[in-house]
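To keep things clear, I will list the structure first and then write my remarks on it.
The values are calculated or read from the model by the stated rules, or taken from the named source; none is laboratory data. Because the structure is predicted, anything quoted here is derived from the model rather than measured. Here Cβ is always computed from backbone atoms with ideal geometry, including for glycine, and neighbour counts include all displayed protein chains. Surface areas here come from the heavy atoms of the whole protein model, side chains and all, with no ligands, DNA or RNA. Shrake-Rupley method; radii C 1.70, N 1.55, O 1.52, S 1.80 Å.
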Amino acid sequence: MEINTIYQSIKNWKTLIDSYQGGNEQSGKDILQFLNQGTHFSVDGSEVKEWKKRLENESDKAIHVYTGIDNNLLKFFMIDSKSDAAGDFSYIVVKDFNRTPPQAPINVTTDVVSEAPITSESAIYRNFRFNMYCSAWIPSQKTEFFRIISVPFDDYERMQLADDQHCTSFFGLTNEAAENSSMQDYHLEIVTVKDIGVNSISQTAENYSTPRPPFTANDPVVNYQLLLKSDAYI
């Protein structure tokens, strides 16, 4: 996909959010439809391998997952944090948000080799929470609606995928701060599992992802050059 098309796609998502924040309730319904347009996207081992090369010698490694709309379809644009901060857009991975059942990886066990943050049961429940309560969650996020989700590179590297293998990423809603808190305290995350099928799921899953905005002093907007370029695109 050409870079100008990516700029426009990311800006299309911003335009929809701006409309909703400006009081257009139909735009909120449109956001819900886009977020329910698919169920997941997949990341290949060859993509993880390329990110690893690009993030070599970096102390803070992340993959920035930008949300966009292209031809009325929700898309995700993935770029490593080092390239994004440098404004190097030579390697952007474009992902469709689809409902095609994920294919099982080749010759893998159901365990992630190193310790992962959450169990398969927690991954399933967080995804269930997103699917069940997304319509109630959207209005609670109206003032600072997400445009990017920053995923620690470790989430993908720990999968130890061969080039021809893949892992599956899907949305979840979580709040690790407190029990029984209000809907506005929940945030969107990307949960990733190595293996998922109709009868089984990996025993563990990765989930240390963070939505942006809000941007922080430790992770300022200047690190997201693709966002700034897209916002300025005419």
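Longest segment of the chain with no GluC sites (Glu not before Pro) in a DSSP loop having at most 14 other Cβ atoms within 10 Å?
With GluC sites (Glu not before Pro) excluded where exposed in loops, the chain gives 116-175 as its longest stretch.
For each pair in 49/194; 29/75; 11/194, compute the distance between the two Cα atoms and list the pairs where it is over 21 Å.
Violating the 21 Å limit, Cα to Cα: 11/194.
Can you run phi through the Karplus equation (6.51, -1.76, 1.60; θ = phi - 60°) for the range 209-218 and list ³J(HN,Hα) in whole Hz, with x for Gly and Pro?
9, 9, x, 9, x, x, 8, 10, 5, 7
Students sometimes get this wrong: rank 228, 161 by accessible area, probe 1.4 Å, all chains present, largest first.
228, 161
Per DSSP H run of at least 4 residues, take -39500 (n - 2.57); add these up for the chain, divide by its residues and hand me the 222 nm value, nearest 500 deg cm²/dmol. Could the numbers behind the result be given before it?
Numbers: 7 runs with 79 residues, N = 234.
Helix contribution divided over all residues of the chain: -10500 deg cm²/dmol.
Could you work out the mean projected area of the convex hull around the alpha carbons of the range 46-105, in square nanometres to one decimal?
Seen from a random direction, the Cα hull of the range 46-105 projects 5.3 nm² on average.
Top to bottom by accessible area (1.4 Å), largest first, where do 159, 132 land?
Details: 159 0, 132 105 Å².
Ranked list, largest accessible area first: 132, 159.
Out of [x] 17.1, 51; [y] 19.4, 74; [z] 20.0, 62, which label holds the value of Rg and Dmax of the Cα atoms in Å that was computed here?
This structure yields the entry labelled [x].
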